[in-house]
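One structure below.
The values are calculated or read from the model by the stated rules, or taken from the named source; none is laboratory data. Note that the coordinates shown come from a computational prediction; the quantities given were computed from them, not determined experimentally. Cβ: placed from backbone, ideal geometry, glycine included. Neighbour counts: every protein chain shown. SASA here: full protein model, heavy atoms, side chains in, ligands and nucleic acids out. Shrake-Rupley method; radii C 1.70, N 1.55, O 1.52, S 1.80 Å.
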Amino acid sequence: MRSLVFVGVAFVAGVVGGKWMVRPMIESPMVESRAAVPAIEVNPPAVPPATTVSAAPPAQRQTIHEALKGGDPLACAARVLAWLETADAEAFRKLAENPEKFPKPHFSGFGRPFQDAFCAALADRWLALDPDGALAAMQRVDKDAHFPFGPGGLLYSLASLQPELVLEKVAESGRKNFLESHTNEALKTLAARDLKAAQRFAEKWREPPLDQQARKAIIDGVATTDPLRALALAGDSKDPFIFFTIVNAAAKRGPLIFQQVAQAAGERLGSYPISPDFILRHPELANLLPNLPAPPNVYGVSPGALDAAERIAPEERARLLADYDALPPGPRAGTAAALACVWARTEPRAAADWALAHAKADDGAHAENAAAQQVFLRWITSDADAALAWWRAIPASPLRAALGTNASTYLAEEGRLDEAREIFKPAADATKDPSATAPGVMSMGGGSGDEQATVHLGQLIAARDPAAAGAWFATLPPTVATYQTTLAFLPKWYARAPEAVARWIETLPVGMGRDVATRTFVMEAARISPAGAGEWVAKVADPDLRQSAAAMVYWEMRRDDPAGAIRWLVELRGVDDAWRAGMLRR
Amino acid sequence: MNARALFIVAAALAGLAVGARWSSERPAPASRDAEVNSARDLPGSGASDPNETGLGAALSELLHAKSSLRGMAELAGALNQLDSPRVALLLDRLERAQPAWPEQSDERIAWLFKWWLKRDPAAAGEWAQPRIAALALEGPLGFFLERSARAQLVAAWARANPQAALDFARSHPHSGAARLLLKEVRTAWSDRPVQENLAMLLDFPASHARDLALEELHNGCAVRDPAAAVTSAQALPPGPVRAKASAEVLLQWADKDAAAAFARYRALGLTDSVLLSKLLEKRAAKDPAQAIEWLQQLDPAQIARAAPKIVNAWVRRDAAAALGWALENGIRLSAGEEMFFELKHDGFRRSSSMGGGSVSPLATALEAQPEATLRWLQALPAGAERDRVFELAATAAKKPDQALSAFAGLTSEAQARVAATVARLFEKEPARGQQWASSLPGGPARLAAWTGIGALSDADIELPPGLDRDAYIAGTLNRNGLATPLAGRFATVLKIQDPAMRRASFDGVMERYSYRKDSAEQTREALNAVSVPEAWKQRWRDQFEKTR
């Protein structure tokens, strides 16, 4: 019995010892493991360095350019390896003679990975064959070869293999305002395994902004192996990209490390690094986050967030949505929107009801309306009849109006103009912040969500019938009857029927809408006949808009008749003298 | 060593082996992509199964942070070992491991899918179905989704299965996926007669996807047979698609045979001034006389809109004739173009584009035929018209010598108006510019020239006190847009000694800065602090009150 105990103890000790022998190689932050897939461990493929290629050389010697021909990157990889095996220093010297014609692989699907692997293999082999001349030659090639994927190139790839060499021999000491990509990559790679060495090299760059760039590269590198240490190095940095790298590296290392990083970072994290994508990739970490503020707006749902939401099981999705209030406030709206959008693929009504119940009905532009906006948009573009019936049935509110207004253009684009106009309900309340942007609307063109939808709808109506767009403009509230809206239809209408536009303006009620339309008319007319357009300036009632219309005429007139333009402006009535003097001074 | 000890050693060694193996088979939770490397849901475990070996090798290569050529070369062999369930598993893993925003999606997924599609179309198609369905519920495909690995694999599936793709698109006609699928179906069926593809599209449910496909189909037809393409476009139901398709086809036709395109435009009774001016412009580049002949058949408004573009094309071939004709017919030698502003759906967002420019036949002539243009200018008869054209030439010129040649022929009033513009042509020759400004007689033109010199970047010079220096300082206020803080601008204004010029410069600065809503408070503070007469400030305070 005692012997059996000894045998058992020895076996258990062996198991522990065996695990100890192998695990450090996998867990060591210094070793980038590619050994975690069991099939590899059982029968690991031999991966010798590129310089010791053992593949049989092809029957006929190919050039490197020939080796890269064809659309199959995997076959090309084998051919390039075969070329490298027999290449000599002279072959590389010839390649470097004309950097613009240096081989640059570009394979669909494997574009970036192939370029990096190709450059690494070539740089490694070149350096082995010509230790004295290779680096300088590579610098010349990188400068003029224009590799398609950036940052990239021979030195960039070499920086991952031999960072010290790159930092010592080719890293420049800051003639420009940015670190070269190979310097950045070398600092990052070296910092991941030897922080002190990387910091010693970084002393080359003491002046801003290069010092900050070197520091960031080092933090990025350290983050991959030791996120907590990277956080300490980040200090009180405000750069959200630094924290983005750190939290993602921490998340990969598990909840414990992540929690330590999140606690140590606190409010320094800000709202950017903890994105909905992040929460959806790591839902288990959602309750470990500090109480970060919500961003003012949520710009739709990113493809990455949708992908991540798609991979969450329906039960887990239901749990996360049921615990909506427990989600961290920063990424909450975007996270819920992505989950609700995936839910809406199978149960749009239920998802829309949930989103409505968790939205702010009295504030159409609130960030927490993202789920309602995004679900409704998906529903109306896939089953417009059902979505419209739902929209018609919900009680009137600023939220309902915002949902309808934002979705109206999607209906209009499909030719359902009457229904688009039915659900188009821009806020008539001028006290709302005009710069507020509705969720899901990116304000590249400026203006509020309502303004953008108005311009867009006007454009879609005008594509079919510009006069109808004019009639529709006359019905708009002042909040959206803007200059931008007139640009949606008036220039194209004017180009085809200027007299009709002039008659239409006369039918508009006196007010700001009429004035902005008249000013746009003046702008268009001035291109054809500045003098004729000048006669319309006096029809603009608002003094500021009138002066703006006069300025349009004046500048157009000046293009072709500077003296005549000055005479016209001097004689113009109904404008402020100081304004006139300012115009004449320019 | 006795038997008991041997047993113990053997047990320890066995344990060691099991431990090592166990450890190596476990995912490394702290390593990169630990979550995707997890072996828990891999089917089977036999190392001898080539499927398993292949899957492990493929995953190892594809999930590794940095690929190697060796790894890629070996990937081909690993992939060939896989059966379809393993390929599906491999692609699932890659999808799951895709990098988070802002990294791009992993395009290798699409490549591998295409490879699989050739090898086992049925299995690949089945794997793609839920992804196609998901894409169809994402509305219009925006910038990111259009370029995603998912869109690429859906496109590949559609090219390989056009009928199934068409059927799917018909069941989701209002989706962005329908647009993508129709495009791929047309590519796959590009060898079919055009009429067959047209009938296919006309039978497709009315939708934005169909509209775009019809436009693209006609554009493609125009390359081979533009006459037939116009006829076909005109046979479409009335509406924007017909108008747009017809216009695009006519423009393509005009590149090959402008006369035929214009004749068809007239025969169809179209009234699209924008299209017309583009057609005429294309004709003028090759045969200006005929373009003018056509132009004269139009109404005055159409002539006014189209003529500057025709002259602009004509001056490249015969500047004197073109400019002479323009003057005779009252055509503008410099005019603004129609403002372009467009919003479009970008997924469930909107993106905008805008533009607008100008067309200046005189500037084009000076650039394309400088000597002929200058001779034409010199030959103009004296009078107001000559003065006007000379002034335009002085501001339109891009080279200092041309500008100076025109400048010399100007009245003193006109010289004062254009001197600052001419001075800016000395950007690369600042010393010559200063010499030119110094050579001008005292008066408004000389001061304007010094103002222009002052506006040149990197032209800091010290001038003796006086009006030239004041004008130069006033010019420096035009550098750097609004990047310089207002207080800094005021400090410059206070260096100007001439009271009238100082006041004008003060007002000029305030005019520019008072429009900045984002820094209104700083503007007010700077205005309060600057040491100028209160009367100067009052106008701007009044304006602040008005816009508050």
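Couple of notes before you dig in:
- Relative contact order, percent, region B:434-474 [alpha-carbon distance under 8 Å, six or more residues apart]: 41
- In nm, spacing of pseudo-spin labels at B:Ala97 and A:Asp144 (7 Å Cα→C-beta vector): 4.0
- Seen against the Cα atoms of chain B and their longest principal axis, helix B:108-119 is set at about 50 degrees.
- With a simple spin-label model that places each label point 7 Å from the Cα along the Cα-to-Cβ direction, the separation between A:Arg229 and B:Ser84 comes to 5.0 nm.
- Spatially proximal aspartates and glutamates relative to A:Lys539 (Cα-Cα < 20 Å; intrachain offsets below 8 disregarded): A:Glu499, A:Glu506, A:Asp515, A:Glu524, A:Glu556, A:Glu571, A:Asp576, A:Asp577
- Heavy-atom surface of region B:437-509, accessible at 1.4 Å and reported per residue (Å²): 44
- In this structure, the residue pairs whose Cα-Cα separation is over 26 Å, taken from A:Lys143/B:Lys66; B:Lys66/B:Lys183; A:Lys94/A:Lys169; A:Lys143/A:Lys196, are B:Lys66/B:Lys183; A:Lys143/A:Lys196.
- Per-residue shielding of B:327-339, expressed as the average number of other chain Cβ atoms within 10 Å of the residue Cβ, stands at 4.
- Simple point charges give the picture: +1 on the Cβ of Lys and Arg, -1 on the Cβ of Asp and Glu, and for the protein assembly as shown a dipole about the Cα centre of about 740 debye.
- Projecting the Cα atoms of A:Trp504, A:Thr479, A:Ala463 onto the charge dipole of region A:445-507 (Cβ charges, centred on the Cα centre) puts A:Ala463 farthest toward the positive pole.
- Interface area, chains A and B: about 10200 Å² of buried accessible surface, summed, with a 1.4 Å probe and ligands, DNA and RNA left out.
- In this label model, B:Arg539 and B:Ser48 are separated by 9.7 nm, measuring between points 7 Å along each Cα→Cβ vector.
- R0 of 35 Å, Cβ-Cβ distance B:Lys118-B:Lys256: FRET efficiency to nearest 0.05: 0.35
- Span from the region A:89-149 Cα centroid across to the region B:177-218 one, whole angstrom: 44
- Converting phi to 3J(HN,Hα) with the Karplus coefficients 6.51, -1.76 and 1.60 and the offset θ = phi - 60°, region A:274-287 yields 8, 8, x, 3, 4, 4, 6, 7, 10, x, 5, 9, 4, 8 Hz in sequence order, with x at every glycine or proline.
- Each Cα pair under 8 Å and six or more residues apart adds its sequence gap; the mean of these over the residue count of region B:155-275 is a relative contact order of 17 percent.
- Taking amide H positions as modeled 1.01 Å from N, with prolines and chain starts lacking one, the residues under 5 Å from B:Asp346 and 5 or more places away or on another chain are B:Ser351.
- Based on DSSP H segments of at least four residues, each scored -39500 (n - 2.57), the protein assembly as shown has a per-residue ellipticity at 222 nm of -20500 deg cm²/dmol.
- Between the Cα long axis of helix B:84-96 and the first principal axis of chain B there is an angle of about 40°, rounded to the nearest 10.
- Three-way shape label, chain B, alpha-carbon gyration tensor, a/c 1.5: oblate
- Tensor-based shape of region A:189-272 (alpha-carbon gyration tensor, a/c under 1.5 rounded, otherwise prolate or oblate): oblate
- Cβ-Cβ FRET estimate between B:Thr484 and B:Ala235, R0 fixed at 51 Å, reported to 0.05: 0.25
- For B:Ser358, distant residues with modelled amide H under 5 Å away: B:Glu337
- Overall, region A:297-369 carries a charge dipole of about 140 debye about its Cα centre when +1 sits on the Cβ of Lys and Arg and -1 on the Cβ of Asp and Glu, all other atoms neutral.
- Compactness of region A:384-433 is given as radius of gyration and Dmax, 11.2, 34 Å, from Cα positions.
- Residues whose placed amide H lies under 5 Å from that of A:Glu180, excluding near-sequence neighbours: A:Glu172
- Spatially, region B:375-429 and region B:506-544 are offset by 36 Å when compared through their Cα centroids.
- Rg to Rh, two decimals, where region A:122-255 supplies the alpha carbon set and Rh follows Kirkwood: 1.00
- For region B:430-435, 3J(HN,Hα) computed residue by residue from phi via the Karplus equation (6.51, -1.76, 1.60; θ = phi - 60°) reads x, 5, 5, x, 5, 5 Hz, glycine and proline entered as x.
- Between region A:335-363 and region B:260-320, the Cα center-to-center distance that results, in Å: 55
- ³J(HN,Hα), Karplus 6.51/-1.76/1.60, whole Hz, each residue of region A:96-103, x for Gly, Pro: 6, 4, 10, x, 5, 9, 4, x
- For the pair B:Ser351 and A:Ser108, a Förster radius of 25 Å applied to the C-beta separation gives a FRET efficiency near 0.45, rounded to the nearest 0.05.
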